[in-house]
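Student: Supplied in structure tokens, the structure appears directly below.
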Amino acid sequence: MKTRIIAEIGINHNGNINIGYKLIEEAKKAGVTSVKFQTYDPDLRFNKGNPFIETFRKFHLQFEEEFKLWIYAKSLNLEVITTPFDISSVNFCKQKKHILDGVKIASFETTNKKLVREVSSLNLTTFFSTGQNSIDEVKDVINLLEIGDKKLIIPMHCISSYPMSLDDANLSVIFRLQKELNKDIGFSDHSEGHEAAGYAVAMGAICIEKHFTLDKKMDGPDHSFSLNPEELKLLVKHVKFVETLLGNDWMGVRKSEENINKLARREVD
């Protein structure tokens with residue numbers, strides 16, 4: 001499978017490390033390439049007074065507990081990616097960067113230039129979601145990320161609605177980003193199924209990010225629109241099917257055409 005499929009665990013471990021281990025195991029069984037976490041201090045993730053603070057405090061894992069999940073994912077040969085939301089979290093990532101295969105900047109944080117600069121200093125493969133961003137804002141993020149050592153930067157087309165309606169997918173943005181940025185583009189998909197992800201791959205997305213849960217009915221803000229283990233398996237299967245259909249761009253007589261070529265092709269001057 002060429003496409004990197006990132007199972008976004010995020011806060012769906014509900015602050016319970018054992019649920020985190022189970023999520024990693026199920027993601028591996030589904031056939032994804034990567035798992036992604038959210039690294040944050042709940043008191044620094046949002047501005048003071050934000051009602052989300054209590055929710056994210058409730059479902060928080062301490063840094064060292066989360067690191068245990070990173071180690072476990074690596075032991076299963078999964079890539080480990082995380083989204084740091086504050087400077088203390090970036091500093092933790094710096095300490096543990098030998099484990100990380102990449103970092104991601106959330107769409108809500110792309111205008112947080114201080115954070116973007118700090119993430120850039122990690123010099124890791126860096127994904128960032130483009131939700132709510134204009135094309136000029138996307139280019140600003142890239143300019144900041146390109147400061148320092150050369151790193152792979154992958155913008156992720158994203159619609160910041162949870163769940164995302166298929167009517168709102170606007171996958172044409174993938175073409176626009178490819179053209180204007182001259183970069184490989186991914187898709188951070190908040191829809192409830194796997195169809196949009198498959199179409200995104202057909203349009204050239206090199207990676208797909210999907211929220212993942214053990215059970216959609218669990219307590220927490222992200223479970224309801226996340227894929228459960230069976231749905232994640234379907235996503236992986238669907239992406240492989242799309243990749244098969246895409247094939248390659250070589251032209252000439254293919255093996256499957258050899259017989260008909262001999263029997264029916266005519267060359268007449």
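Student: For region 1-103, what is the convex hull volume of its Cα atoms per residue in Å³?
Tutor: Working: hull volume 9.6 nm³, N = 103.
Normalising the Cα hull of region 1-103 by residue number yields 93 Å³.
Student: Could you state how much accessible area residue 98 has, in square angstrom rounded to the nearest 10, with a 1.4 Å probe and all protein chains kept in place?
Tutor: We get 130 Å² for residue 98.
Student: Which of the DSSP-defined H helices in the chain satisfy a minimum axial length of 24 Å, computed from C-alpha atoms, and a minimum mean Kyte-Doolittle hydropathy of -0.5?
Tutor: On the way: long enough: 229-246 (26 Å, 0.37).
Both cut-offs are met by 229-246.
Student: Can you sort 194, 157 by solvent-accessible area, 1.4 Å probe, largest first?
Tutor: Details: 194 45, 157 5 Å².
Largest accessible area first, the list is 194, 157.
Student: Here's something else I'd like to know. Provide 75, 256 ordered by accessible surface of protein heavy atoms (probe 1.4 Å), highest first. Spell out each step's value before the answer.
Tutor: Values: 75 75, 256 110 Å².
I get 256, 75, largest accessible area first.
Student: Here's a follow-up. Run the helix sum for the chain: -39,500 (n - 2.57) per DSSP H stretch of 4+ residues, divided by residue count, reported at 222 nm to the nearest 500 deg cm²/dmol.
Tutor: Using -39500 (n - 2.57) per qualifying helix, the result is -11500 deg cm²/dmol.
Student: For residue 156, list long-range residues whose amide hydrogen, built 1.01 Å from N in the peptide plane, is under 5 Å from its own amide hydrogen.
Tutor: Long-range HN contacts for residue 156: 128, 129, 130, 186.
Student: Please report, in Å, the Rg and the Dmax of the chain, where both are computed over Cα atoms only.
Tutor: For the chain, the Cα-based Rg and Dmax read 20.2, 80 Å.
Student: Now for a separate question. How big is the dipole moment of region 58-103 about its Cα centre under a simple scheme where the beta carbon of each Lys and Arg is +1, that of each Asp and Glu is -1, and everything else is neutral? Debye, nearest 20, please. Please report the intermediate quantities before stating the final value.
Tutor: Values: 6 positive and 6 negative charges, 15 e Å.
Once rounded to the nearest 20, the dipole reads 80 debye.
Student: Could you put 265, 4 in order of accessible surface area, largest first, with the 1.4 Å probe and the full protein assembly present?
Tutor: Values: 265 150, 4 55 Å².
The ordering from most to least exposed comes out as 265, 4.
Student: Right, next: Pull out a ≥ b ≥ c, the square roots of the eigenvalues of the alpha-carbon gyration tensor of region 14-172, then state rounded if a/c is under 1.5, prolate if not and a/b is larger than b/c, and oblate in the remaining case.
Tutor: Details: a/c = 1.29, a/b = 1.25, b/c = 1.03.
In terms of gyration-tensor shape, rounded.
Student: How high is the relative contact order of the chain? Use alpha-carbon pairs under 8 Å, at least six apart in sequence, and give a whole percent. All intermediate terms of the calculation are to be shown ahead of the outcome.
Tutor: Values: 469 pairs, mean separation 49.5, N = 269.
Relative CO of the chain lands at 18 percent.
Student: Mind putting a number on the dipole of region 150-269 about its Cα centre? Charges go on the C-beta only, +1 for Lys and Arg and -1 for Asp and Glu, and I need it in Debye to the nearest 20. All intermediate terms of the calculation are to be shown ahead of the outcome.
Tutor: Values: 16 positive and 19 negative charges, 107 e Å.
So the dipole magnitude of region 150-269 works out to roughly 520 debye.
Student: Then there is this: Ranked from highest to lowest mean number of other Cβ atoms within 10 Å per residue, what is the order of the peptides 63-71, 232-240?
Tutor: The densest-packed peptide leads the list: 232-240, 63-71.
Student: With the other protein chains left in place, how much accessible area per residue, in square angstrom, belongs to the chain at a 1.4 angstrom probe?
Tutor: Details: 13710 Å² over 269 residues.
Accessible area per residue, the chain: 51 Å².
Student: Here's a follow-up. How high is the relative contact order of region 111-269? Use alpha-carbon pairs under 8 Å, at least six apart in sequence, and give a whole percent. Can you show the working numbers first?
Tutor: Values: 206 pairs, mean separation 24.8, N = 159.
It comes to 16 percent, rounded to a whole number.
Student: How big is region 132-269 on each of its three principal axes, counting only the C-alpha atoms and giving the largest first in Å?
Tutor: For region 132-269, the Cα spread along each principal axis is 67, 41, 30 Å.
The values are calculated or read from the model by the stated rules, or taken from the named source; none is laboratory data. Since this is a predicted model, take the numbers as computed values, not measurements. No Cβ is skipped: glycine too gets one built from the backbone with ideal geometry, and neighbour counts run over all protein chains shown. For accessibility, only protein heavy atoms count, side chains too; no ligands or nucleic acids. Shrake-Rupley method; radii C 1.70, N 1.55, O 1.52, S 1.80 Å.
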